[in-house]
């Protein structure tokens with residue numbers, strides 16, 4: 001099932017089911033948000049999709065019109081943004097079978113020559129042990145924090161890059177959407193498209209700057225897909241400038257194209273007690289192997305990022321905007 005959050009004709013927050021033809025959205029009755037729907041499903045011990053099917057009403061709206069009017073919101077949010085944690089894992093995707101084979105061939109040579117980077121070493125750990133088959137936790141992935149719910153923008157809304165940033169580039173990814181139950185159990189509602197959006201020049205200067213480079217806005221949506229995903233997912237990431245395609249590449253995701261299982265990535269995120277606080281929302285990015293930055297593309301204000309993955313519904317589009325940080329050296333008050 002494909003679900004969205006939207007503003008109805010009275011500007012009230014609603015949840016809607018995307019109809020099979022992808023043209024209309026059927027509003028759910030007696031539920032005001034995806035967060036509320038999730039908490040109800042947890043309490044009733046049923047799936048979000050099952051409960052949504054029971055709440056489907058008769059009112060239908062034009063999906064394309066909702067997107068064009070900016071009335072489609074992120075598919076999951078917490079009423080208090082401070083209780084939404086946005087995180088991600090990197091070095092999780094193979095890129096291609098050739099890249100994996102080359103890595104296997106060259107790993108020992110690079111290691112013996114002392115030229116193997118920390119990033120390649122961690123990637124190798126993932127290839128060797130990121131998909132455990134014995135019921136035990138697999139290799140631990142790279143992990144990063146992006147921010148709270150205040151950094152998440154809706155489909156169509158600008159992705160703001162602060163004026164101190166050296167770069168603002170897209171990262172097309174799968175996002176897991178979770179709500180923590182009253183007993184501390186994480187519940188995955190489903191998956192959505194995401195543009196993780198990072199400062200790649202800052203990260204390239206030194207990998208220890210990764211944490212800084214990730215503290216940026218991100219976009220999630222438009223849709224939440226319930227249930228399990230196909231193992232092999234193939235989409236397209238592109239940048240449009242002045243209405244024309246500036247850059248375009250296919251991107252692969254899903255477990256068939258990853259060196260970690262989703263279950264392993266989820267375990268290493270939720271094993272920390274602080275990530276299992278009852279009532280919290282988690283939006284977790286699962287990584288990518290496709291970036292315009294690697295093709296020496298420098299996005300600029302006004303460019304539109306477009307990420308498309310048919311299995312997850314409508315594309316995610318967001319324009320890039322540069323904004324003033326509003327903070328200067330010496331801006332901290334002394335008590």
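The values are calculated or read from the model by the stated rules, or taken from the named source; none is laboratory data. Everything numeric in this text was worked out from a predicted model, so none of it was measured. Cβ atoms come from the backbone with ideal geometry, glycine included; neighbour counts cover every protein chain shown.
Data for the structure
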{"read-out": "Residue list for region 303-335, restricted to those being within 22 Å of the chain's Cα centre (by Cα), part of a loop (DSSP other than H, G, I, E, B) and more than 17 Å from residue 251 (Cα to Cα)", "value": "303"}
{"read-out": "Any hit, region 267-281, residues being surrounded by 12 or more Cβ atoms within 10 Å (Cβ to Cβ), under 20 Å from the mean Cα position of the chain (by Cα), at pLDDT 95 or above and closer than 28 Å to residue 22 by Cα", "value": "yes"}
{"read-out": "Qualifying residue in region 197-204 (condition: more than 20 Å from residue 151 (Cβ to Cβ), out of contact with any strand residue (DSSP E or B) (no Cβ under 7 Å at 6 or more places or on another chain) and free of Cβ contacts under 8 Å to residues at least 24 places away in the same chain)", "value": "yes"}
{"read-out": "1 or more residues in the same structural domain as residue 213 (by TED's automatic domain parsing) and at pLDDT below 95: qualifying strands (runs of 3 or more DSSP E) within region 22-108", "value": "84-90"}
{"read-out": "Pick from region 228-251, criterion surrounded by 15 or more Cβ atoms within 10 Å (Cβ to Cβ) and touching a helix residue (DSSP H, G or I) at 6+ places or on another chain (Cβ under 8 Å), ranking: nearest to residue 262 (Cα to Cα)", "value": "229"}
{"read-out": "Search result, residues across region 51-69 that are without any contact (Cβ under 8 Å) to a residue 12 or more places away in the chain and under 15 Å from residue 5 (Cβ atoms)", "value": "69"}
{"read-out": "Failed item, numbered, when residue 245 is tested on (1) in contact with a strand residue (DSSP E or B) (Cβ under 6 Å, 6 or more places away or on another chain); (2) free of Cβ contacts under 8 Å to residues at least 24 places away in the same chain; (3) closer than 30 Å to residue 38 by Cα", "value": "(3)"}
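To keep it simple, each residue is scored yes or no on (1) farther than 23 Å from residue 324 by Cα; (2) surrounded by 24 or more Cβ atoms within 10 Å (Cβ to Cβ); (3) in the same structural domain as residue 40 (by TED's automatic domain parsing).
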| site | (1), (2), (3) |
| --- | --- |
| 146 | no, no, no |
| 149 | no, no, no |
| 162 | no, no, no |
| 173 | yes, yes, no |
| 183 | yes, no, no |
| 187 | yes, no, no |
